[in-house]
Amino acid sequence: MSDARVMTEDGFLIPLQDEDGAGFWEGALQGELRIQACGNCERFRHPPRPMCPHCRSTEATWRDVTGEGTIWSFVVPHPPLLEGYAAVAPYNVIVVAIDEDPTIRLVGNLVASEDGAINEIDPESIRIGEPVRVVFPRIDEGVALPRWTRK
């Protein structure tokens, strides 16, 4: 990211983008879920990092995955929260196990549509094991975040 801003104008956090995760964020901007994989043993690894935790290789590639998975866990944050989040609380935060490798889990929000608000889904309706697919709304200039919709 070229500027040092850490929040959107609405008060939401902008994810830190570093060299190790560049492929993930570039894919997100293109509407593609990319997961880092070892260039040696070919196992997925997330979050992205410079060395494989399985074989210790420093070789890495990026693989497009389907963007489908299941809800592995979820929480409903309540105040005290940062101002931007407090304004939309309560909202959900889900953990999704991706279909290609359920040990790879991504955090996001369950929304009704790509442009949906993070508080539009009734948290009481969320079920562990529920199938979801990724969407990538732009939250700021040059930043798309993975969020999830029901399949």
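Matching residues to (1) in contact (Cβ under 8 Å) with a residue 40 or more places away in the chain; (2) within 14 Å of the chain's Cα centre (by Cα):
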| position | (1), (2) |
| --- | --- |
| GLU26 | no, yes |
| LEU29 | yes, yes |
| PRO48 | no, yes |
| THR70 | yes, yes |
| VAL75 | no, no |
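Candidates GLU19, GLU26: the one that is acidic (Asp, Glu) and either touching an Asp or Glu at 6+ places or on another chain (Cβ under 7 Å) or assigned to a helix (DSSP H, G or I) (or both) is GLU26. Can ASP64 be described as acidic (Asp, Glu), surrounded by 14 or more Cβ atoms within 10 Å (Cβ to Cβ), modelled with pLDDT of 95 or more and in contact with a strand residue (DSSP E or B) (Cβ under 7 Å, 6 or more places away or on another chain)? No. Taking the residues in segment 132-151 that are assigned to a loop (DSSP other than H, G, I, E, B) and either hydrophobic (A, V, I, L, M, F, W, C) or on the phi > 0 side of the Ramachandran plot (or both) as candidates, determine which candidate is modelled with the lowest pLDDT. Looking at residues that are assigned to a loop (DSSP other than H, G, I, E, B) and either hydrophobic (A, V, I, L, M, F, W, C) or on the phi > 0 side of the Ramachandran plot (or both), I get GLY142. For segment 114-131, indicate whether the set of residues that are under 21 Å from LEU29 (Cα atoms), basic (Lys, Arg) and modelled with pLDDT of 95 or more is non-empty. Within segment 114-131, none of the residues are under 21 Å from LEU29 (Cα atoms), basic (Lys, Arg) and modelled with pLDDT of 95 or more.
The values are calculated or read from the model by the stated rules, or taken from the named source; none is laboratory data. The structure displayed is predicted, hence computed values, not measured ones. No Cβ is skipped: glycine too gets one built from the backbone with ideal geometry, and neighbour counts run over all protein chains shown.
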